[in-house]
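The values are calculated or read from the model by the stated rules, or taken from the named source; none is laboratory data. Here the structure is a predicted model, which means the values were calculated and not measured. All Cβ positions, glycine included, derive from the backbone under ideal geometry; neighbour counts span all protein chains shown.
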Amino acid sequence: MSLNPHTDPVDEALLADDLTILAAARTALGKVVVGQTAIIDELLVCVIAGGHALIEGAPGLGKTLLVRSLADVASLSFSRIQFTPDLMPADITGTLSLVYDDQGRPSTRFQPGPIFGQLVLADEVNRATPKTQSALLEAMQERTVTVAGTEYPMQRPFFVFATQNPFEMEGTYTLPEAQIDRFFYKVVIEYPSEAVLDAIIAQTTSVAQVEPERTMAPEDILRLQRRVREVPLAEHVRRGIVRFVRATLPNEADADERVRRYVRFGVSPRGAQALALAAKAHALVDGRYAVALEDVRAAVLPALRHRFQLNFEGVADGVDTDALLLDLFERTAAASMAA
């Protein structure tokens, strides 16, 4: 395996073991979730990068199956929260309850809520009120929950994978920008092709049902999260990312005319960090130990589409955010990295 000679020595045997674990996880998930190879890779990138994911797709596309299968494959404790308009913050975090000992003496005890899982599925997160949505913020950012002045740590590793339906507008609440930015990736699941839909029907309506195979343990994930940050990122790749991110800013003197006209705000430094880290994780998921142009390209949309907002004119004119991001990437970063 060719390693970057300018980095610290790497134990190639341990690296090979880690890559084998990732490959096995990809294969196991691919057997359960048919035809979603790119989506599986994106969620694995989130896991080994230590980030949360916002998953968008129409009902019936297998979002819940995908997340639950990932928890099984990774041997993570799974918790599902169905978000509804009447859900309260205490329904997520837990609350203090009054208990009595054997002598009948009362005391308070913390009863943990469903947020205390390792992989938490926040189903239809945009159906809850902003107050309830905010109950996720501390857990997502700090990996703790504070109830009555006491902090309770989350299990490690800890992930929130939230789903939202792009078509259901009535009875939904837009996620605040502060919360959206907590998500490392925004994953969009499209309707399957004819061949994939045929394979789904064949697999899911037969007598024999495929069960997820456990190929990864929580300690493997924690080790892989450290491994991701060790992946070399060449200077020309890093500078290409910098050029691309600055090209998304509408106030730059040399900004593209479309950016000046249609963009409300561009990608922040946190977004640039997420893109670089996601590219490193994607390289590992793809079985390599160095970041290439295709790794950055694969990470652009899931890492940045929710951190790049159009203004009113851009929305009114129907500007495609994904297409604009990819075009800016090819004109700046890709050209710089290929030079």
| said: in contact with a Gly (Cβ under 8 Å, 6 or more places away or on another chain) and assigned by TED's automatic domain parsing to the domain that holds Ala178: is that true of Val99 in this structure? | reply: no
| field | Residue check for Arg239: surrounded by 14 or more Cβ atoms within 10 Å (Cβ to Cβ) and under 30 Å from Asp18 (Cβ atoms) | value | no
| query | Which numbered condition trips up Ala335, out of (1) surrounded by fewer than 16 Cβ atoms within 10 Å (Cβ to Cβ); (2) at pLDDT 90 or above; (3) assigned to a helix (DSSP H, G or I)? | reply | (2)
| request: Return a yes/no flag: does segment 167-181 have any residue that is touching a residue at least 40 places away in the same chain (Cβ under 8 Å), of a type in the set (Phe, Trp, Tyr), touching a His at 6+ places or on another chain (Cβ under 9 Å) and in the same structural domain as Ile21 (by TED's automatic domain parsing). | output: no
| query | Inside segment 136-148, can you point out the residues that are more than 18 Å from Arg270 (Cβ to Cβ) and either at pLDDT below 80 or touching a His at 6+ places or on another chain (Cβ under 9 Å) (or both)? | reply | Ala148
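Of the residues Ala49, Ala90, Ala58, which single one is of a type in the set (Gly, Ala, Ser), under 29 Å from Leu275 (Cβ atoms) and either surrounded by 21 or more Cβ atoms within 10 Å (Cβ to Cβ) or modelled with pLDDT of 85 or more (or both)?
Ala49
Please find, within segment 202-236, the residue that is surrounded by the most Cβ atoms within 10 Å (Cβ to Cβ) out of those that are of a type in the set (Lys, Arg) and in a helix (DSSP H, G or I).
Only one residue fits best here, namely Arg227.
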| task | Filter segment 261-294 down to residues that are among the β-branched types (Val, Ile, Thr) and closer than 18 Å to Gly51 by Cα and give me whichever is surrounded by the fewest Cβ atoms within 10 Å (Cβ to Cβ). | result | Val267
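Looking at Val300, Val315, which is the one that is free of Cβ contacts under 8 Å to residues at least 24 places away in the same chain, part of a helix (DSSP H, G or I), not acidic (Asp, Glu) and not assigned by TED's automatic domain parsing to the domain that holds Ile39?
On the way: Val300 fails: free of Cβ contacts under 8 Å to residues at least 24 places away in the same chain.
Sole residue among the options that is free of Cβ contacts under 8 Å to residues at least 24 places away in the same chain, part of a helix (DSSP H, G or I), not acidic (Asp, Glu) and not assigned by TED's automatic domain parsing to the domain that holds Ile39: Val315.
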| Condition met for Tyr191 (aromatic (Phe, Trp, Tyr), within 25 Å of the chain's Cα centre (by Cα) and under 30 Å from Arg156 (Cβ atoms)) | no
| message | When you scan segment 101-110, do you find a residue that is touching a Pro at 6+ places or on another chain (Cβ under 7 Å) and either modelled with pLDDT under 80 or on the phi < 0 side of the Ramachandran plot (or both), even just one? | response | no
| message | Quick test of your reading of the structure: Phe244 fulfils all but one of (1) closer than 13 Å to Thr332 by Cβ; (2) not in a helix (DSSP H, G or I). Name the failing condition by number. | response | (2)
| query | Which of the strands (runs of 3 or more DSSP E) contained wholly in segment 1-100 include at least 2 residues that are of a type in the set (S, T, N, Q)? | reply | 78-82, 94-100
| query | Quick one: Thr163 ticks every box in (1) modelled with pLDDT of 85 or more; (2) polar (S, T, N, Q); (3) not in a strand (DSSP E or B) bar one, so which box is it? | reply | (3)
| note | Taking segment 27-46 and the residues there that are of a type in the set (Val, Ile, Thr) and touching a strand residue (DSSP E or B) at 6+ places or on another chain (Cβ under 9 Å), the one that is modelled with the lowest pLDDT would be Ile39
| query | Does any residue of segment 109-122 turn out to be assigned to a strand (DSSP E or B) and either surrounded by fewer than 12 Cβ atoms within 10 Å (Cβ to Cβ) or not assigned by TED's automatic domain parsing to the domain that holds Pro157 (or both)? | reply | yes
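Every residue, every condition in (1) out of contact with any Gly (no Cβ under 8 Å at 6 or more places or on another chain); (2) under 24 Å from Leu175 (Cα atoms); (3) not small (Gly, Ala, Ser), yes or no:
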{"residue": "Asn251", "(1), (2), (3)": "yes, no, yes"}
{"residue": "Asp256", "(1), (2), (3)": "yes, no, yes"}
{"residue": "Tyr262", "(1), (2), (3)": "no, yes, yes"}
{"residue": "Ala281", "(1), (2), (3)": "yes, no, no"}
{"residue": "Val291", "(1), (2), (3)": "yes, no, yes"}
{"residue": "Phe312", "(1), (2), (3)": "yes, yes, yes"}
{"residue": "Leu325", "(1), (2), (3)": "yes, yes, yes"}
{"residue": "Leu328", "(1), (2), (3)": "yes, no, yes"}
| request: Determine which member of the set Ala281, Ala253 is among the hydrophobic types (A, V, I, L, M, F, W, C) and not in a loop (DSSP other than H, G, I, E, B). | output: Ala281
| task | Give segment 125-142 a look and list any residue that's crowded, with 19+ Cβ neighbours inside 10 Å and in a loop (DSSP other than H, G, I, E, B), or say none. | result | Ala128
